1. On the basis of being of a type outside the set (Phe, Trp, Tyr), at pLDDT 95 or above and in a helix (DSSP H, G or I), does VAL518 make the cut?
2. Report the residue count in region 259-282 for those that are acidic (Asp, Glu) and either without any contact (Cβ under 8 Å) to a residue 12 or more places away in the chain or over 23 Å from PRO239 (Cβ atoms) (or both).
3. Looking at ALA448, ALA437, which one is assigned to a helix (DSSP H, G or I), assigned by TED's automatic domain parsing to the domain that holds ALA177, under 17 Å from PHE420 (Cβ atoms) and at pLDDT below 95?
4. Give region 265-308 a look and list any residue that's modelled with pLDDT under 90, touching a strand residue (DSSP E or B) at 6+ places or on another chain (Cβ under 7 Å) and aliphatic (A, V, I, L, M), or say none.
5. What pairs can you find where one residue is in region 178-207 and touching a residue at least 12 places away in the same chain (Cβ under 8 Å), the other is of a type in the set (Asp, Glu) and in a helix (DSSP H, G or I), and their Cβ atoms are less than 7 Å apart, with a gap of 6+ or different chains?
6. Could you check how many residues of region 458-481 are under 20 Å from the mean Cα position of the chain (by Cα) and touching a residue at least 12 places away in the same chain (Cβ under 8 Å)?
7. Within region 456-472, is even one residue assigned to a helix (DSSP H, G or I), more than 21 Å from PRO493 (Cα to Cα) and either acidic (Asp, Glu) or touching a Phe, Trp or Tyr at 6+ places or on another chain (Cβ under 8 Å) (or both)?
8. In region 153-183, which residues are buried (at least 24 other Cβ atoms within 10 Å of the Cβ), touching a Ser or Thr at 6+ places or on another chain (Cβ under 8 Å) and either in a helix (DSSP H, G or I) or of a type in the set (Val, Ile, Thr) (or both)?
Amino acid sequence: MATIVLLAGGAQTESGNTVVIEKDTGLIVQVTPYGNITGIYDPNAAQYKSRAKAALFNHTLPLPSNDTRPVKIAPFNATKPRLPGAGTIESGDTYDYGAVLGMSYLFYEAQRSGALPPTNPIPWREDSALYDTAPDGSPLVGGSYDAGDNLILNFPAAFSTLLLVWGVLAFPDGYSAAGQMENAIDTIRWHTDWYMKCHYRETRFVVMVGDPNTDHSYWIPPENMDMSRPAFEVGDNIPASDVFGITSAALSAAAQIFRASDPDYAVQLIAHARDMYQVGVTYQGKHLPPVYRFKHTCKYSDGIPEAFVYTSSGYYDDLAMAAAWLYAYTGEQPYLDDAQMWFSKVGYAGSTFSWDDKSAGVALMLSLLLPNGPNQPFIQQMEGFATAWETGLYGVTITSRGLSFASEWGSLRYAMNAGFMTAVYAKSINTFNAAGAARHACWVRQQAGYVLGDTGRSFVVGYGNNPPVNPHHRAASCPGPRQPCGFDYFNSPSPNPHTLTGALVGGPYDAQDSYSDVRDNYQSNEVALDYNAGFTGVMAFLAGVAVPGGDSQVACAGLG
């Protein structure tokens, strides 16, 4: 295998890139200040071989003049040095993915509501919201706070739980190597216990606890709350096929984890999952309150005005996801038929994967459940999804520093969710498309590098070089439980007194990699359950690549 060695020095383009000459072959290589190869020019063939936006995920490049030997990109020294953590595809990793995986679960511990266990590892968190009740007056204590506020929002939370479960199922070697399997299962059970508690009647489910209008008028830790906290329910009264669908999917997926270790609990989970799916299917726009009767809708946010913080755009993807995971657990063909039927109403995998649009995740699930192969339609859809994120298509822009950017709000969340989908997809195609799997895996690693410090700063609280110190988070920014707090602390320029370890902040708010670590910038500096969900799966994937014969051996050269 030939090795490309880039010479030091070189001319600089107007964009700040460096043009260098390859030592042995004479190839002209254009490199960004952050070490990303954007183009290769063969002066002999006069043919420009574009690698725009590739950000080093291509681990082989063609040599000039009919020489097709595989090559490796070796370390180089351009006029602007590579920033810490950039590494090369062949080198060992700078980052301890297993450690970051564990830190991510500390973030989930910090978000817990209700009576905390004696093992609570967060010294600045205590019991909170102990007097919340369901609409029938029964106690409703538990769950997790959504973000930097003190709301419990089950629609995005169920999506987050599903991704945590999926990561355990897809990359168990990463969890085992990092020593995080027990923490993962404990976190998953904390959430599934809560969802079953919220499903307090067969046709009713509590989707929210807390009024955003009231909650957002206070800047206090959850332990200080003494206001009334309403619980909002959906079901046969307010149709919510989206909520019932995604929660059913989370419970079905979790049942797979507990099937062997706690079969009785798995039976509980799957029973709730079946019932919730059926409610979502049955109450599609029926029994609406009079004001909504003619909307022909079954999105929870149409029936609950207070749900403006996470408005839903549809429900076919949620029901498809529920049916797919029910089939994965039960093997019952009608569920698989339903999954394909609901997905046909969506039409195609969306360009992003998030709490609102799960269509790409459904396409991935169907690609895994149906006979595999390069011509399978869902494989082709996932190839298109991954390629869009890797090359900058369909609303995705590749920034100069290498981030695949799709939204100004929580941009890293979208990149990490796409990374998780791509990692699972890469593993699934490795048997018949090893080169494609490796290319996709390298892109996942490159995006993770951006998050962890390739650009000179980390976006994970408490980890790496120059991490965020002012995430938008009430409990972390206040002095402590039951101590006075208010908007003076929100407006304070001082770093948060408590480190919200493992939290992934929203990240750059534009395609120019702009980011500011200030508390009032909730657009790019807040944290949330769903921000960490795909990110956690990516860390598990990368933590497992060093395990000989492990489940992540599709990783790019030097990682496996």
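1. No, not satisfied.
2. 2
3. The unique qualifying residue is ALA437.
4. ILE304, ALA307
5. GLU202/ASP275
6. Of the residues in region 458-481, 10 are under 20 Å from the mean Cα position of the chain (by Cα) and touching a residue at least 12 places away in the same chain (Cβ under 8 Å).
7. no
8. ASN154, PHE155, ALA157, ALA158, PHE159, THR161, LEU163, LEU164, GLY167, GLY174
The values are calculated or read from the model by the stated rules, or taken from the named source; none is laboratory data. These numbers were taken from a predicted model, which means no experiment stands behind them. Cβ sites come from the backbone with ideal geometry, for glycine too, and all protein chains shown count toward neighbours.
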